[in-house]
Each structure stands twice: as structure tokens, then as C-alpha cells.
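Chemist: Handing you a structure now.
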Amino acid sequence: MPETPFFSVVIPTYNRAHHIAHTISTVLKQSYKSFEVIIVDDGSTDHTEEVVASIQTAQVRYYQQENGERAKARNYGVQQAKGQYITFLDSDDEMYPDCLQEALRIIEANEQAVFVHVGYEMKNVEGKVLYKNNRRKGDLNKQLVKGNLLSCIGVFVRQDIIRQHRFNEDRGLSGTEDWELWLRLASRYPLYYSNHVVAAIINHEERSVLNVEEKTLRLRIDLAMQYAFEDTQVQAYYGKYYHLMYAHLFLYISLHLILSKQKKVGIIYWWRSLRRAPHLLFTRKTLAIFKHLLR
């Protein structure tokens, strides 16, 4: 590994000893070799440290901190990173072998690229593809008004930029802290992207996004909007979309509540969404809501 790797892959983890070895192995199989892997253990109480220690390579560095949620772990990882560009991977997800190579291709093709995203898919634990995020077109900066179409997987940010614009560490925001940061970045820098699928989110029952309460979810989106719009650049860039953004967020809440069997309150949020933006009736999320309501 070179002394100054081009990429740093920051992996926050909490009690994922049974997943993290596989996740790290997918990073180590990259076709592009100038990278390091930074594991930030967010106060695990399982044998995560032993699992990581068993991986014998200087490319992997392991750090521990008291539990402070993913935003704090990611920020800590950024401070330890040596790479020119930093990307984030959850400790139960996967990179495909050409992930870093594809990111490098975008960066080299666009001189001003400081904020980059590559395509990804979602799979279940059996490997069946549930969803592909690979049909994007147009201006993704503006499309962020619809919600977190990036997720956190596959985002690459130049080191100096991500150190200047950090993840918000308010624990009440946890689960939406990435979207709040992307809004701040997208109000300043063009988002360059590729639809080539080079990473995967693994959908399993332990994923926190599948276990939500209405109050927690509503607090998250309210905090995300509050913090984002405290930024004058966000106000200038997204201000005219403020009410539309809430309509999309209510639709997001509705779908997640219905998925977690909270159908009555989910329908209420669906109605609130459509009152603000009736055209959202004709969206994939609404189709998914209908599908799960009829089950």
C-alpha cells in the first residue's frame, strides 16, 4: 500500500462481528489498489475487535470510540484518513471489485469533481436483487429534494471538503445525517455520478431502518430540515423547494411506517404528503404503499 492512498474507505460499526469480515473482504478485493480501510468501532460489546484483528493486512486500520452513533464514527474516521478521497461503507454492506476504479474514472473525467456518487443495488441475504439505483439522469443536486436518493453507500468526497463539512452528530438525527450533509454539499458543489452498479446494501432484519417508531422518524426528518436550512447556502439553493421536500419526507415516513406494520399512522402521513403535493400519487413510493397496504 502506498504511504498516501488515493481512497480511504471509512467503515463505522457497532456489534456487527458476524458481518464485518465479509464487508472488509469485499473492499480488499478491489481492482484498484491505492486505498486504505478505516474501521471505527462505535462501542461494540461483541467480538468485533478480534474479527478485525484476524485480518492480516496493513491496509486495514482499527479504531475504537465510546458509542456515539454513525455520524460521530464517520467523522472520526475522516480525521484518521490519509486518502485524497473518502468514501463510506456500512459494516454489513458490500463493494464490488470495480467500485473504486469506477469512482476514479469519474474523478479523472471531471476536473472539478469533489462530490461523486456511483450506482448501487439492494439485495436480500440470499443475494436476490431487490432494487437497483442505476437509472438516474439529469441534475442530482436538485433531485435531492425528493429525499436521500444517494443513501450513504457509494458517495466519495474529497478529503479537504469532507473535513470542512462534517456529519452532524446530533443522535436524534441518526439515520438521516447523511442526507442532511448531502444537501449542504450539493448546495455548493456539482454532484458527478455514474449509474454503473458497483456496491450493494444488504437488506436484513437487523437493519435499523426497518425498525422505526413514528416519533423517532418524524424527529429525524424535522431535525434534518432544521439543521440543513440553518445553512445559508442550502436556503439559497433549496429554499423554493421547502414544502415539496416535506411532502417527499412525509411519503418516506408513510412507507417506512407501513413496512413496519404501523398502517394507520402510515396512511395519515401518506395523506399529508398528497395534500402538499398531489402529483406524488404517481410515484414508485405510492405504488409500494398500495402494495403493502393490500397484503
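Chemist: Please compute the net charge surrounding F250, taking Lys and Arg as +1 and Asp and Glu as -1 over other residues with Cβ under 10 Å from its Cβ.
Modeler: Here the charged neighbours net out to +4.
Chemist: Okay, moving on. If you keep only loop residues by DSSP, which trypsin sites (Lys or Arg not before Pro) in segment 1-104 have at most 15 other Cβ atoms within 10 Å of their Cβ?
Modeler: Those satisfying the criteria are K29, K33.
Chemist: How do E49, E111 rank when sorted from fewest to most other Cβ atoms within 10 Å of their own Cβ?
Modeler: Listing E49, E111 from fewest to most nearby Cβ atoms yields E111, E49.
Chemist: Hey, another quick one. Taking amide H positions as placed in the peptide plane 1.01 Å from N, state which residues far from Y120 in sequence (5 or more) or on other chains have amide H under 5 Å from it.
Modeler: Those lying under 5 Å, H to H, from Y120 are N133, V198.
Chemist: Follow-up question, since we're still on this one. Of all DSSP beta bridges located in the chain, what percent are antiparallel, nearest 5?
Modeler: Beta bridges within the chain, antiparallel portion: roughly 35 percent.
Chemist: For the chain, what is the mean residue ellipticity at 222 nm derived from helices alone (per DSSP H run of n ≥ 4: -39500 (n - 2.57); sum divided by total residues; nearest 500 deg cm²/dmol)?
Modeler: -12500 deg cm²/dmol
Chemist: Still on this structure, I have one more. Taking loop as defined by DSSP and a crowding limit of 11 other beta carbons within 10 Å, which trypsin sites (Lys or Arg not before Pro) in segment 109-190 fit?
Modeler: Answer in residue order: K128, R135, K137.
Chemist: Projecting each Cα onto the charge dipole of the chain (Lys/Arg +1, Asp/Glu -1 at the beta carbon, about the Cα centre), which of L181, T57, L217 comes out farthest on the positive side?
Modeler: In the chain, that residue is L217.
Chemist: What's the exposure ranking of Y96, Y241, going from fewest to most Cβ atoms within 10 Å?
Modeler: Y241, Y96
Chemist: Once label points are set 7 Å from the Cα along Cα→Cβ at both Q164 and T45, what is their separation, rounded to one decimal in nm?
Modeler: It is 4.2 nm.
Chemist: Same structure, new question: Give me the Kirkwood hydrodynamic radius of segment 218-292, using the inverse of the mean 1/r over all pairs of distinct Cα atoms, in Å to one decimal.
Modeler: So the Kirkwood estimate lands at 12.8 Å.
Chemist: Still on this structure, I have one more. If you bin the C-alpha pair distances of segment 21-160 every 10 Å from 0, what whole percents do you get?
Modeler: Calculated over all Cα pairs of segment 21-160, the distribution is 10, 38, 38, 13, 1 percent.
Chemist: Could you pull out the trypsin sites (Lys or Arg not before Pro) across segment 214-288 that fall in loop regions by DSSP (anything but H, G, I, E, B) with no more than 16 other Cβ atoms inside 10 Å? Numbers along the way, then the final one.
Modeler: Working: sites: K215, R218, R220, K240, K261, K263, K264, R272, R275, R276, R284, K285; in loops: K261.
Here the trypsin sites (Lys or Arg not before Pro) that fit, given the DSSP loop and packing criteria, are K261.
Chemist: What do you get for Rg/Rh over the chain if you use C-alpha atoms and the Kirkwood form of Rh?
Modeler: Here the Rg-to-Rh quotient is 0.95.
Chemist: A further question on this structure: 5 Å is the cut-off here: which amide hydrogens, built 1.01 Å from N in the peptide plane, fall below it relative to Y96, excluding neighbours closer than 5 in sequence?
Modeler: Placed amide hydrogens put A199, A200 under 5 Å from Y96.
Chemist: Taking the Cβ of each residue in V145, V10 as the centre, tally the other Cβ atoms inside 10 Å and list the residues starting with the fewest. Mind showing how you got there, number by number?
Modeler: On the way: V145 20, V10 24.
Ascending number of Cβ neighbours within 10 Å: V145, V10.
Chemist: While we're here: Using θ = phi - 60° and the Karplus form 6.51 cos²θ - 1.76 cosθ + 1.60, what ³J(HN,Hα) does each residue of segment 186-199 get, whole Hz, x for Gly and Pro?
Modeler: Computed from phi, the couplings for segment 186-199 are 5, 6, 10, 10, x, 9, 8, 8, 9, 8, 5, 6, 10, 7 Hz.
Chemist: So if R0 is 30 Å, what FRET efficiency would A58 and K137 give, r being the distance between their Cβ atoms, rounded to the nearest 0.05?
Modeler: Approximately 0.15, to the nearest 0.05.
Chemist: What dipole magnitude, in Debye to the nearest 20, does the chain give about its Cα centre under +1 on Lys/Arg Cβ and -1 on Asp/Glu Cβ?
Modeler: About 1640 debye.
Chemist: How much length is gained if the chain between L149 and E66 is pulled fully straight, taking 0.36 nm per residue apart and subtracting their Cα-Cα distance, in nm to one decimal?
Modeler: 26.9 nm
Chemist: In segment 158-262, if every C-alpha pair distance is counted and binned at 10 Å from zero, what percent goes to each bin?
Modeler: 12, 39, 37, 12, 0
Here, each number is a calculation from the coordinates, and none is a lab measurement. Please read these numbers as outputs of a predicted model, since none were measured by experiment. All Cβ positions, glycine included, derive from the backbone under ideal geometry; neighbour counts span all protein chains shown.
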